[in-house]
1. Can you name the residue in the range 58-80 that is basic (Lys, Arg) and at pLDDT 90 or above and is also farthest from residue 39 (Cα to Cα) among such residues?
2. Against the conditions (1) free of Cβ contacts under 8 Å to residues at least 60 places away in the same chain; (2) in a helix (DSSP H, G or I), where does residue 29 fall short? Just the number, please.
3. Name the pairs whose Cβ atoms lie under 6 Å apart, with the first residue in the range 99-110 and in contact (Cβ under 8 Å) with a residue 40 or more places away in the chain, the second hydroxyl-bearing (Ser, Thr, Tyr) and in a helix (DSSP H, G or I), and 6 or more positions between them or separate chains?
4. Here are the criteria: (1) surrounded by 14 or more Cβ atoms within 10 Å (Cβ to Cβ); (2) under 22 Å from residue 32 (Cα atoms); (3) not polar (S, T, N, Q). Tell me which single one residue 84 does not satisfy.
5. Step by step: first the residues of the range 15-52, then only those that are aliphatic (A, V, I, L, M) and farther than 21 Å from residue 87 by Cα, then the one that is surrounded by the fewest Cβ atoms within 10 Å (Cβ to Cβ). Which residue is that?
Amino acid sequence: MENKFFAQWESYTKSAIASGKELEAISAKVLDQLVEKQLDLVNGAVDTSSKFYSAISQAKDYQDLIAEQTKLVSGYGEKFLTAAKQATEILTASRDEYLAWFEKGMNSVYEQTQSAVSSTGLAAAA
């Protein structure tokens with residue numbers, strides 16, 4: 001009986017460790033992708049700022065400056081919306097991965113519990 005218990009405990013432990021590693025891999029992938037999108041936005045903001053300061057020095061009057069500023073803000077706004085859509089896609093895909101991970105884990109728990117119950121003879125007593 002003791003050997004069965006320890007074998008089942010070892011199986012539970014290995015399963016939990018493997019599940020944790022899978023969760024870590026999914027989370028790391030999502031984080032990497034979101035950080036990449038955030039860095040793209042920061043680079044875009046720096047680039048837009050640089051172009052704006054360049055436009056200040058080259059503008060002939062305030063109308064030229066406002067026109068250039070409007071163009072730059074519009075361009076950055078498009079980049080921002082694109083990044084937001086991509087982040088939404090990343091999160092949607094990760095939701096599916098997390099759901100698959102959860103379902104796999106629940107199936108594993110169910111199977112291990114069934115195995116434990118059947119090996120102890122409790123199923124026959126119930």
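1. First, the residues of the range 58-80 that are basic (Lys, Arg): 60, 71, 79.
Next, from what is left, pick out any that are at pLDDT 90 or above: 71, 79.
Values: 71: 22, 79: 12 Å.
So the residue we want is 71.
2. Of (1) free of Cβ contacts under 8 Å to residues at least 60 places away in the same chain; (2) in a helix (DSSP H, G or I), only one is false for residue 29: (1).
3. Pairs found: 105/19; 108/15.
4. (1)
5. Kept after step one, since they are aliphatic (A, V, I, L, M), are these residues of the range 15-52: 16-18, 23, 25-26, 28, 30-31, 34-35, 39, 41-42, 45-46.
Next, from what is left, pick out any that are farther than 21 Å from residue 87 by Cα: 16-18.
On the way: 16: 13, 17: 10, 18: 13.
Restricting to residues being aliphatic (A, V, I, L, M) and farther than 21 Å from residue 87 by Cα, the top hit is 17.
The values are calculated or read from the model by the stated rules, or taken from the named source; none is laboratory data. Predicted model only: the values in this text are computed from it and were never measured. Glycine also receives a Cβ, built like all others from the backbone with ideal geometry; neighbour counts cover every protein chain displayed.
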